[in-house]
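> What follows is a single structure, and I will ask about it in a moment.
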């Protein structure tokens, strides 16, 4: 396809030969992706969903039990739920330190990532990991590498919702 | 001017095939418990290897592997002309710091998980070229150092996808010389960097398989050989996924490798028992399987001629986060037990 080369300005559109090459490349990549997809083992979605459900559910149920205990001992519901949250964060961090939480995560997936114990895990795990690089550039700087995005977008969304609520009132 | 030691386009044919005088392997506890556990020289019982950090442990494994291979050949470090070594960590710190301790003239390599075969090919060139008497090629990888560099902190509770591979903790070293007893390196086919557009860093088998297949086919074309000329064709760390893809791709090109093709990443772990998903990976994967298992079979005479292809996923977290796909490479080396 040598004759399809056209003289033109520097930012010229692709020549026909280049377009053919590009399309062939995309086609080859797609064909390969299909071949690879056919070979790849898959997660069992049902088993994963069930595991996520019962582990996530159990964590939530435990937090509820703790809340109810606080209420039963005379705390008002708001304080009880704050105290339960603190205890759950502690438990997540504690189990990360013992090396148990990643084992739970392997089975439960999102079931143990979404609850607040997972949030604690995502802060404590890098903090432990990077202790060897020192307390400033290791622990402190790396502590929020995973939780950081959650916090940033969590704050952004809360501000947006706050604004919407303000203008709708 | 033609290159007298080259056949075909990209295959080197050594005039005096260099001898693999000795090999040494050091592995972590998980690899020691695997099906090839008996074939390794040293199995460490703790992934820290008595050090404060995993990085230092990896470096120490590499040092120990090099010291051991030199001792096995009844030589001293000062008898070694060159050390060719690499690893997966940024700025290949394991190799650089191990070379600091060893004091052998050093060429640092980075071929991702193909480093062992890259090193063996270059060592063979140095020896056959008449530049060296004794060359050590070595490399290392460590599950925990690789995880924290490429993926998540080890205590992070995440689920690994079934295509993920397990980085081998270990180090392998190969000592080569112009003469001696042992299998010889007769050919090497240098890999091309191929990118098939895979962007998933947890699926390196798919990213590397085409590069391995490309090298194997070019090797066959250059040498006018085929799969039946080899007792074993073995790739470095394609794992279960990559192995199956490579078998299919070779089949499409009419090369039937269904009887004599295996992968170090499949051999090193017990799939049922060890929870390693698609298999092993990392520089040490092909290195320790070669230094232990394959070298044993070659010396026994069980294998007369093998084609080993070290496979590397040239992965970088920065490039992946910027949306780049993952290029792969494969270096082929023919190891033959003559006589």
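Just so you know, all these numbers are worked out from the coordinates, no wet-lab data involved. This one's a predicted model, so the numbers in the text were calculated from it and none came from an experiment. Cβ sites come from the backbone with ideal geometry, for glycine too, and all protein chains shown count toward neighbours.
> Under 18 Å from a point placed 7 Å out from the Cα of residue B:48 along the Cα-to-Cβ direction: which residues of segment A:135-150 have their backbone N that close?
From segment A:135-150, the list is A:135, A:139.
> Residue B:38 label point, 7 Å along Cα→Cβ, cut-off 17 Å on backbone N: hits in segment B:292-335?
Within reach of a label on residue B:38, which here means backbone N under 17 Å from a point 7 Å along Cα→Cβ, segment B:292-335 contributes B:292-303.
> With N denoting the number of residues in the protein assembly as shown, provide Rg(C-alpha) divided by 2.2 N^0.38 Å, to two decimal places.
Working: Rg = 26.3 Å, N = 508, 2.2 N^0.38 = 23.5 Å.
With N residues counted in the protein assembly as shown, Rg over 2.2 N^0.38 Å equals 1.12.
> How would B:276, B:311 line up from fewest to most surrounding beta-carbon atoms within 10 angstrom? Working shown, then result.
Working: B:276 25, B:311 35.
Sorted ascending by nearby Cβ count, the order is B:276, B:311.
> For the modelled label position 7 Å from the Cα of residue B:149 along Cα-to-Cβ, which residues of segment B:59-76 have backbone nitrogen atoms closer than 11 Å?
B:59
> Across peptide A:92-102, how many C-beta atoms of other chains are within 10 Å of each residue C-beta, on average?
Shielding by partners across A:92-102 averages 2.
> Looking at segment B:184-336 only, what percent of DSSP beta bridges run antiparallel? Nearest 5 please.
Numbers: 15 of 22 bridges.
Beta bridges within segment B:184-336, antiparallel portion: roughly 70 percent.
> Now, a different point. By count of other Cβ within 10 Å, fewest leading, how are B:244, B:51, B:336 ordered?
Placing the least packed residue first, the sequence is B:51, B:336, B:244.
> Applying a 10 Å radius around every beta-carbon, put B:168-174, B:120-126 in order of their mean neighbour count, most first. Write out the running numbers ahead of the final one.
On the way: B:168-174: 33.7, B:120-126: 23.7.
With the highest mean Cβ count within 10 Å placed first, the list reads B:168-174, B:120-126.
> With just the Cα atoms defining each centre, how far is segment B:234-295 from segment B:304-329? Give it in Å.
About 15 Å separates the Cα centre of segment B:234-295 from the one of segment B:304-329.
> A further question on this structure: Calculate, for residue A:18 and residue B:5, the FRET efficiency according to 1/(1 + (r/R0)^6) with r their C-beta to C-beta distance and R0 41 Å; round to the nearest 0.05.
The value I calculate is 0.60.
> To the nearest whole number, what is the average tally of beta carbon atoms from other chains within 10 Å of the beta carbons of peptide A:108-114?
That average works out to 2.
> Please check: in the Gaussian network model of chain B (C-alpha springs, under 10 Å), which one of B:59, B:160, B:218 has the largest mean-square fluctuation.
Its mean-square fluctuation being the largest, the pick is B:160.
> Let me ask something else about it. Quick one: order B:42, B:233, A:113 by neighbouring beta-carbon count within 10 Å, fewest to most.
B:42, A:113, B:233
> Provide the FRET efficiency to the nearest 0.05 for the residue B:78-residue A:135 pair, computing r from the beta carbons and using R0 = 51 Å.
Efficiency for this residue pair is about 0.75.
> Describe numerically, in nm with one decimal, the distance between label points set 7 Å from Cα along Cα→Cβ at residue B:96 and at residue B:324.
1.9
> Here's another thing I want to ask about it. If you take every DSSP beta bridge fully contained in the protein assembly as shown, what fraction is antiparallel? Give it as a percent rounded to 5.
Antiparallel: roughly 60 percent of the beta bridges in the protein assembly as shown.
> I would also like to ask the following. Can you tell me the relative contact order of chain B? Whole percent, Cα pairs under 8 Å, sequence separation 6 or more.
It rounds to 25 percent for chain B.
> Further question on the same structure: Could you check the spin-label model distance between residue A:82 and residue B:231? Points 7 Å from the Cα along Cα→Cβ, value in nm.
Output for this residue pair reads 7.4 nm.
> Per-residue counts of other Cβ atoms within 10 Å, averaged by peptide: what ranking do you get for B:26-32, B:289-295, B:78-84, highest first?
B:289-295, B:26-32, B:78-84
> What residue among B:199, B:254, B:297 shows peak mean-square fluctuation when chain B is described by a Gaussian network model with Cα springs under 10 Å?
Between B:199, B:254, B:297, it is B:254 that shows the largest mean-square fluctuation.
> Please build a GNM for chain B, connecting alpha carbons under 10 Å apart, and tell me which residue among B:74, B:165, B:221 fluctuates the most.
Looking only at B:74, B:165, B:221, the biggest GNM fluctuation is shown by B:74.
> Over chain B, what is the percentage of antiparallel beta bridges among all DSSP beta bridges, to the nearest 5?
In chain B, DSSP labels about 60 percent of beta bridges as antiparallel.
> Is it possible to state the helix-based mean residue ellipticity at 222 nm for the protein assembly as shown, with each DSSP H run of 4+ residues giving -39500 (n - 2.57), the sum divided by total residues, to the nearest 500 deg cm²/dmol? What is it?
Calculated from helices alone, the mean residue ellipticity at 222 nm is -14500 deg cm²/dmol.
> Give me the inter-chain shielding for B:157-166: mean count of other chain Cβ atoms within 10 Å, whole number please.
6
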